[in-house]
1. How do the pairs read when you match residues in the range 35-51 that are closer than 15 Å to Asp96 by Cα with residues anywhere that are of a type outside the set (Asp, Glu) and not in a helix (DSSP H, G or I), using Cβ under 9 Å and keeping only pairs 6 or more apart or on different chains?
Amino acid sequence: MQRLTDFARKAAAQNSSSMLQKLLSMKPVSEAEHRQSVLLMYRQMLRELAVWPSIKRARVRHETRRMFRVNAALTDKKDIEDAVQMGKNGLQSLVDQNNGLARVNFARDGINYTIRGPY
């Protein structure tokens, strides 16, 4: 758990996308580490929302907090993994938008595409 906490502190201090990528890609080993990584993701998401350039910021912040509370009661492993992945995708999207990058996801012929670029 200590290594996960160290990464989170460094990522928050440096606000580095490479550190954030490492944090998002880490796989928790125990239930305590899993809980810690989800809480760190939640805190990072709220930090990113605080500077998110949108008039919908308050509503999205409220919805984010609500979803984390609802998902805290999940017990099925697949549902938990899906919720964590959705959170990671949302956090990455916020980071991209705050860094001036747009991300468009679409599927065509069974292949998922992601296009990133300045907006």
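1. Cβ pairs passing all conditions: Arg47/Asn15.
The rows are residues; the columns are (1) open to solvent by less than 80 Å² (accessible area, probe 1.4 Å); (2) modelled with pLDDT of 90 or more; (3) more than 14 Å from the chain's Cα centre (by Cα).
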site	(1), (2), (3)
Lys56	no, no, yes
Thr64	yes, yes, no
Phe68	yes, yes, no
Leu74	yes, yes, yes
Met86	no, yes, no
Gly100	yes, no, yes
Arg103	yes, no, yes
Asp109	no, no, yes
Gly117	yes, no, yes
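The values are calculated or read from the model by the stated rules, or taken from the named source; none is laboratory data. Model, not experiment: these values are computed from the prediction. As a convention, Cβ positions derive from the backbone with ideal geometry for all residues, glycine included, and neighbour counts pool all protein chains shown. Side chains included, ligands, DNA and RNA excluded: accessible areas come from the protein's heavy atoms. Shrake-Rupley method; radii C 1.70, N 1.55, O 1.52, S 1.80 Å.
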